[in-house]
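A short worksheet on the structure shown next.
The values are calculated or read from the model by the stated rules, or taken from the named source; none is laboratory data. All figures in this text were calculated on a predicted structure; none of them were measured in a lab. We place every Cβ from the backbone using ideal geometry, glycine too, and count neighbours over all the protein chains shown.
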């Protein structure tokens, strides 16, 4: 299953918004990992840890079909991402994994949310996590109105 273009666009917007909102005094950490962790925190409240772990595992499996390098990543029982050997923070930090790999993984997760929760609830969740972001169609580069 390939992800919908709308979910890829939303994933790109989330990653770029998170990259621009990052605090430079904080330790370098993958942008994709930060987006994932914010979604995890809010979704665990909604669907529980086991529900989120199942959803994230499925999204990772879907993303692996397009990004074979994700085979080194797994979803732990608590929903956190880790390397297969158990080391936490599996994402690249020296490129912020904001490229196509991050977009594919986050868009797979968003696509499953869209399928199971519907568009309205998925967008409400995204706006709840990133209340200062405007994800509209006016400016696809950064999500702000022109």
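Of note:
- Residue match in the range 72-92 (condition: at pLDDT 90 or above, out of contact with any strand residue (DSSP E or B) (no Cβ under 8 Å at 6 or more places or on another chain) and crowded, with 19+ Cβ neighbours inside 10 Å): yes
- Take the conditions (1) in contact with a helix residue (DSSP H, G or I) (Cβ under 6 Å, 6 or more places away or on another chain); (2) at pLDDT 90 or above; (3) crowded, with 20+ Cβ neighbours inside 10 Å; residue 122 misses just one of them, which is (3).
- Residues of the range 30-55 satisfying the condition of being at pLDDT below 85 and either loosely packed, with under 15 Cβ neighbours inside 10 Å or in a helix (DSSP H, G or I) (or both): none
- Scoring residue 4 on the criteria (1) modelled with pLDDT of 85 or more; (2) surrounded by 13 or more Cβ atoms within 10 Å (Cβ to Cβ) leaves a single failure, condition (1).
- Condition met for residue 61 (at pLDDT below 90 and out of contact with any strand residue (DSSP E or B) (no Cβ under 7 Å at 6 or more places or on another chain)): no
- Verdict on residue 111 being at positive phi and either in a helix (DSSP H, G or I) or at pLDDT below 90 (or both): no
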